[in-house]
Amino acid sequence: MSTTEAAPPVVAPPKAPPVRKKRPRWEIYVPLGLYLLFTLVPFYWMVVFAVRPRGSSSLLPWPVSLENFETVWNGMGFGVFFQNSFLVGVASLVATTAIALPGGYALARFRFRGRRVFLIALLCSQFIPGAMMLIPLFEIFRTLGLVNSLSSLVIAETVFQLPLSLVLISGFIASIPVELEEAAQADGCTRLRGFLLVVLPLLRPGLVAVGSFAFIHSWNNFLFALMFISDQDKFTVPVGLAFTLGEFSVDFGALAAGGVVAALPVVLVFAVVQRYLVQGLSAGAVKG
């Protein structure tokens, strides 16, 4: 007598859960859209005034005319102002980074008496407005013969940028494991060589963040350049932009073109270093 085995029951595969359509989060998009509109409309009007022909009242930047840019660049000397601002910004960037790098390393890797008090003093110094230091700085620069010199702007900008730069660099170095340096020293590297070969390559986001802040702050600073510089051929872009305002009339086209020239480098810097900037700020804020 032959026996037949019963076939195993067929188990139906589990049904996939229904896909829920993501509903637009209007409570997020609406405020962001309003904020974006509020932020971009002034820039749009600045561009419209800068590129439309003189005497035109069009709401659209068409036809495009570069007459206002030629006026501010050649007629008002913005070519010289742009060069001065660029030199001050680059010099401040190099000086701030060169001083903050060893100082931040010392704050992150060494424990010494008064370290915490020094860090608190650095942070508290950020509450001091630059206007309060104008007279002391002017007297110091006058004694040193640096008034009406771009060197005075570089020194002032470097001094005011150092506290924040030291805190950022020290926080970023503290987030790098010290075991990496110890392994390099065990392989025969000195502390300096270990720092250059191991730590410095990992500091790229932090250095970009510090350098970007130093450059942008120097580029936008108006008060120091107005007080320390008197020769027109040494004006920076913010001071030159203020001098486009006439006593009895305002050339809005030239003023808008100067605003575009002043804003363009800052926008380009943020567009290029945005990824490193966010990474550097977040890493520098983890440990201190």
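The values are calculated or read from the model by the stated rules, or taken from the named source; none is laboratory data. The structure presented is a predicted model; accordingly, all values stated were derived computationally and were not measured. With ideal geometry, Cβ positions are generated from the backbone for all residues, glycine too; neighbour counts draw on all protein chains shown. Side chains are part of the model used for accessible areas, which takes the heavy atoms of the whole protein and leaves out ligands, DNA and RNA. Shrake-Rupley method; radii C 1.70, N 1.55, O 1.52, S 1.80 Å.
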*asked:* Looking at Phe86, Phe69, Phe81, Phe138 in this structure, which one is assigned to a helix (DSSP H, G or I), touching a residue at least 24 places away in the same chain (Cβ under 8 Å) and within 19 Å of the chain's Cα centre (by Cα)?
replied: Phe86
*asked:* Tell me whether the range 152-162 contains one or more residues that are out of contact with any helix residue (DSSP H, G or I) (no Cβ under 7 Å at 6 or more places or on another chain), exposed (fewer than 15 other Cβ atoms within 10 Å of the Cβ) and without any contact (Cβ under 8 Å) to a residue 60 or more places away in the chain.
replied: no
*Please work out which residue is modelled with the lowest pLDDT, limiting yourself to the range 8-53 and to residues that are surrounded by 10 or more Cβ atoms within 10 Å (Cβ to Cβ) and outside any helix (DSSP H, G or I).*
Pro53
*Gly194 passes all but one of (1) part of a helix (DSSP H, G or I); (2) at pLDDT 85 or above; which number fails?*
(2)
*Before we move on, is Leu107 within 29 Å of Ser212 (Cα to Cα), in contact (Cβ under 8 Å) with a residue 60 or more places away in the chain, within 19 Å of the chain's Cα centre (by Cα) and buried (at least 16 other Cβ atoms within 10 Å of the Cβ)?*
no
*Return yes when Ile176 is open to solvent by less than 20 Å² (accessible area, probe 1.4 Å) and assigned to a loop (DSSP other than H, G, I, E, B) and no when it is not.*
yes
*Selected residue (only one of Ser212, Ser230 is assigned to a loop (DSSP other than H, G, I, E, B) and either at pLDDT 85 or above or closer than 26 Å to Leu146 by Cα (or both))*: Ser230
